[in-house]
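> Following this message is one structure expressed as structure tokens.
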Amino acid sequence: MQKLLLFVDKLSTWVGQAFSWLILLLTVFVSWEVFSRYALDHPHAYALDAMTMMYGTMFMMAGAYTLSKNGHVRGDVLYGFFRPRTQATLDLLLYFLFFIPGVVAMAWAGYQYASESWVINEHSNITADGPPVYPFKTIIPVAGVFLLLQGVVEIVRCIVCIQQGDWPSRVADVEEVDLDKLKEMVHVKDEDIEKLDALVVGKEGAQ
């Protein structure tokens, strides 16, 4: 079971990191558009649509990734003081009351929007010759499916935590610095750090 949970975590992480490259593409595109508009006096009518679609795609496809890292905004003023079992029970309740219905509705409505958009070959109407909208609308149900899949994993984690009393592990994205390993790499001992601290304190006291 744990291997399956971690596999979905890795999948969400891979998807999130893959689409995160859109921020680089968006930065280059915005920079070029500003240069083209003000230096070359040649703005592009499709620029606003393209920027909106790139940012929206990145934002939506980051949902499952953020959930897999437990990074969504949470009002944890009291939540952080609860025991893991209490946290898991509260999360499980909220997943079934709000998360599952909301994400299912998003995926289903997104599918309807996307299918209709493909049928009519929808293009943006902001400009006379706007870019196609149907690829962008297709992202809505795709993001919903990934988010729902990760949500099921989080529900399983809640159940496991309620049974075992502790949260199961997640796939780490950014590893914390291992101080002991860092000291070993640079050949520094605790005694050396204490001597340096004493030396600094002594100099400050003399001043």
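Values in this text are rule-based calculations from the coordinates and carry no lab data. Please read these numbers as outputs of a predicted model, since none were measured by experiment. Reconstructed Cβ throughout: ideal geometry from the backbone, glycine too, with neighbour counts over all protein chains shown.
> Looking only at trypsin sites (Lys or Arg not before Pro) in DSSP loops with at most 13 other Cβ atoms within 10 Å, what is the longest site-free stretch of the chain?
Excluding the exposed sites themselves, the longest stretch runs over 75-188.
> Can I ask one more? Rounded, prolate or oblate: which one fits the chain, using the alpha carbon gyration tensor with axes a ≥ b ≥ c (rounded when a/c is under 1.5, else prolate when a/b beats b/c, else oblate)?
Oblate, because a/c is 1.5 or more while a/b does not exceed b/c.
> Quick query: amide H of residue 123 versus all other amide H atoms, modeled in the peptide plane; which residues come in under 5 Å with a sequence gap of 5 or more or a different chain?
It is 133, by chain and number.
> Another question, then. Given a Förster distance of 22 Å, report the FRET efficiency between residue 30 and residue 118 from their Cβ-Cβ distance, rounded to the nearest 0.05.
Calculated value: 0.20.
> Using a 10 angstrom Cβ neighbour count of at most 14 plus a DSSP loop assignment to flag exposed chymotrypsin sites (Phe, Trp or Tyr not before Pro), which longest range of the chain is free of such sites?
That would be 83-207.
> Do the sum for the chain: with -39,500 (n - 2.57) for every DSSP H run of n ≥ 4, divided by all residues, what is the mean residue ellipticity at 222 nm, to the nearest 500 deg cm²/dmol?
-22500 deg cm²/dmol
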